[in-house]
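All remarks here apply to the structure that follows.
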Amino acid sequence: MIQITPQMRILAAFEPVDFRKGIDGLCRLCRRELHADPFSGTLFVFINRRRTALRLLVYDGQGFWLCHKRLSAGRFRWLGKTATLKMTSLAAYELQVLLWNADPSRLDVPAPWRSLSPQETAPGCC
């Protein structure tokens, strides 16, 4: 299982990818087109041309995970491309919103990850 944590580096490719590519093809794409190391532990997010499916690629230290999600209806609301960038960075909560087929660019909510002060800990704890 892939655990998405706030500390993870998450990169999403702007351009659609040919989903006939497997792990090796996506690793080559990471190196050549995105200029990123697929062995770094970064989670890479790709979308197909019709925007009906997402693929997540991540290396966990022992091997690669390739996760595929295809919608039964509708399309993913994908990220808008900027002129020169081939990818963008996402926060963990933005990826979670994207996986539930919502639009992460419309979120006005700050990241839900924050540290608790000592006063905010649960009663009877620590």
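The values are calculated or read from the model by the stated rules, or taken from the named source; none is laboratory data. What you see is a predicted model; the values in this text were computed from it and never measured. Note that we place each Cβ from the backbone using ideal geometry, even for glycine, and neighbour counts take in every protein chain shown. What goes into the accessible areas is simple: the full protein's heavy atoms, side chains included, and nothing from ligands, DNA or RNA. Shrake-Rupley method; radii C 1.70, N 1.55, O 1.52, S 1.80 Å.
If the chain linking K21 and S40 were pulled fully straight, counting 0.36 nm for each residue of separation and taking away their Cα-Cα distance, it would gain 4.8 nm. Multiplying the residue separation of R75 and W100 by 0.36 nm and removing their Cα-Cα distance gives an extension gain of 7.9 nm. Quantify, in whole percent, the carbon and sulfur part of the accessible surface of the stretch 21-96 (1.4 Å probe; protein heavy atoms only). Carbon and sulfur: 47 percent of the exposed surface of the stretch 21-96.
Taking every protein chain into account, the accessible area of the stretch 1-65 amounts to 57 square angstrom per residue (probe 1.4 Å). Stretching the chain fully between R9 and E33 yields a gain of 6.9 nm (0.36 nm per residue, less the alpha carbon separation).
Working from label points 7 Å from Cα in the Cα-to-Cβ sense, the T52 to W65 distance is 2.6 nm.
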